[in-house]
Each structure stands twice: as structure tokens, then as C-alpha cells.
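A short worksheet on the structure shown next.
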Amino acid sequence: MSDTTYLAEGPRTAIRPFTPADAEEFTARARESRELHRPWLFPPVDRDGYAAYASVLMEDPTRAGFLVCERTGAGSAADGGIAGFININNIVMGGFRCGALGYGGFAHATGRGLMGEGLDLVLRHAFGPLGLHRLEANIQPSNEGSVALVRRAGFRLEGFSPDFLFIDGAWRDHERWAITADMR
């Protein structure tokens with residue numbers, strides 16, 4: 001993927017927008033990662049699902065989607081491969097300048113720090129070029145990996161919301177985590 005233009009690059013990862021051409025790799029990684037994602041997350045696992053999902057992220061101005069891509073620097077097959085995704089949803093500008101994060105790492109990339117580096121790149125982009133002031137992450141308390149990711153990134157726990165989001169057929173409790181530009 002040497003012709004790919006990244007929005008931001010770190011030592012081991014880079015972020016870029018979703019594209020229609022990512023459908024095959026993204027859905028294959030999502031299928032491989034079902035056990036990791038359940039019961040918290042349900043990314044698209046087929047081409048039609050991906051097309052609907054990605055088109056919203058590419059066309060809706062209240063959303064920004066980022067693929068976290070692995071950089072090996074050695075031109076290997078893994079270079080540019082998708083390690084995960086981070087989306088900013090419900091973006092509101094004006095006096096609020098806030099968005100809500102949604103994210104998922106793929107099984108082949110777990111435990112390697114790639115999502116942490118990718119989240120740092122997204123935070124820099126969100127608080128820089130996107131002009132946001134605050135990002136929130138609403139996480140089910142039992143999702144220990146997700147809580148650890150935002151905690152390492154400097155998010156603060158702000159509260160608890162019972163029956164907050166309808167996921168997998170039921171209303172789920174969530175912890176509210178947030179970070180502001182001045183915390184970075």
C-alpha cells in the first residue's frame with residue numbers, strides 16, 4: 001500500500017479514511033475477530049454490510065472513520081494492513097466541538113499496542129485538523145480491554161449510565177470516559 005496517503009503516521013501505525021476498496025480485508029478481519037468482539041461490537045462481516053457501514057463514515061459530516069494500519073517499514077505484506085478502526089460519531093461543532101468514539105481492534109493485532117498508537121494518532125487529528133475539543137467513549141464495564149485502552153490514552157472516567165445503548169438485543173449499562181484537548 002505504498003500509494004496510500006495517511007492522515008497521520010506513528011512509528012508502527014498510520015491512520016487513513018475508509019475506502020470502498022477496503023471491503024474484502026476489513027470483512028475478513030471482522031470475521032476472524034468475532035470471538036474477540038462479542039458481545040460488545042458487531043462490525044460488518046460481508047461486502048454489503050461493509051458498503052453500508054463505510055458509506056455512512058465517508059459521507060456523513062457528523063462522522064469520521066479511520067482505519068488503523070500497520071506500518072512495518074520493510075515493505076512486507078503486513079505493511080498497510082488493517083489492524084483496527086476508530087470512528088468519531090455524533091460530531092457536533094459550534095460551542096460543543098465534541099464527538100463520541102467507537103472502535104475495534106482485529107484479533108491478529110491484539111496485544112501489540114497498535115490500537116493504542118492508532119488512538120493517539122486519531123486524538124491528535126481530532127484535536128488538530130478536525131477542531132474538536134472533547135471526545136467521549138461509552139464502554140460496557142465488563143469490556144476490560146476497551147477500558148484499558150482509553151485509560152492508557154489519558155481519558156478520565158466521568159460517570160455511569162444504566163441502560164445506555166441497545167446492543168445485541170438488550171439495553172446495556174456503560175461507563176462514560178472522556179478526554180479534552182487540554183488534557184493532551
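The values are calculated or read from the model by the stated rules, or taken from the named source; none is laboratory data. Just so it is clear, the model here is predicted, and its values are computed rather than measured. Note: ideal-geometry Cβ built from the backbone for every residue, glycine included; neighbour counts use all protein chains shown.
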What is the one condition in (1) out of contact with any Lys or Arg (no Cβ under 9 Å at 6 or more places or on another chain); (2) closer than 26 Å to THR72 by Cα; (3) charged (D, E, K, R) that GLU117 does not satisfy?
(1)
Go through GLY81, GLY104, GLY118 for me and flag whichever is in contact with an Asp or Glu (Cβ under 6 Å, 6 or more places away or on another chain), closer than 21 Å to GLU24 by Cβ and crowded, with 18+ Cβ neighbours inside 10 Å.
GLY81
Consider THR5 carefully, then state whether it is within 17 Å of ARG71 (Cα to Cα), without any contact (Cβ under 8 Å) to a residue 40 or more places away in the chain and among the hydroxyl-bearing types (Ser, Thr, Tyr).
yes
Give me a count of the residues in region 110-143 that are part of a helix (DSSP H, G or I) and within 15 Å of GLY10 (Cα to Cα).
12
Go through (1) closer than 18 Å to LEU101 by Cα; (2) in contact (Cβ under 8 Å) with a residue 60 or more places away in the chain; (3) of a type in the set (Gly, Ala, Ser) for SER55 and report which single condition fails.
(2)
Inside region 159-171, can you point out the residues that are surrounded by 12 or more Cβ atoms within 10 Å (Cβ to Cβ) and either at pLDDT below 95 or acidic (Asp, Glu) (or both)?
LEU165, ILE167
Of all the residues that make up region 151-184, how many are under 21 Å from LEU119 (Cα atoms) and either charged (D, E, K, R) or free of Cβ contacts under 8 Å to residues at least 24 places away in the same chain (or both)?
9
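Here is a yes/no grid of residues against (1) at pLDDT below 95; (2) not β-branched (Val, Ile, Thr):
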{"position": "ALA64", "(1), (2)": "no, yes"}
{"position": "LEU67", "(1), (2)": "no, yes"}
{"position": "GLY80", "(1), (2)": "yes, yes"}
{"position": "ILE86", "(1), (2)": "no, no"}
{"position": "ALA100", "(1), (2)": "no, yes"}
{"position": "GLY105", "(1), (2)": "no, yes"}
{"position": "VAL122", "(1), (2)": "no, no"}
{"position": "HIS125", "(1), (2)": "no, yes"}
{"position": "GLY128", "(1), (2)": "no, yes"}
Which pairs do you get when a residue that is more than 12 Å from VAL92 (Cα to Cα), found in region 121-132, comes within reach of a residue that is acidic (Asp, Glu), reach meaning Cβ atoms under 8 angstrom, with the pair 6+ apart or on two chains?
LEU121/GLU9
Checking the conditions here, which among ALA21, ALA30, ALA51, ALA83 is assigned to a strand (DSSP E or B) and more than 21 Å from PHE127 (Cβ to Cβ)?
ALA83
Scan region 37-48 and report the pairs whose first residue is under 19 Å from ASP22 (Cα atoms) and whose second residue is modelled with pLDDT of 95 or more and polar (S, T, N, Q), with Cβ atoms within less than 7 Å and a gap of 6+ or a chain change.
PRO44/THR27; VAL45/THR27; ASP46/THR27; ARG47/THR27
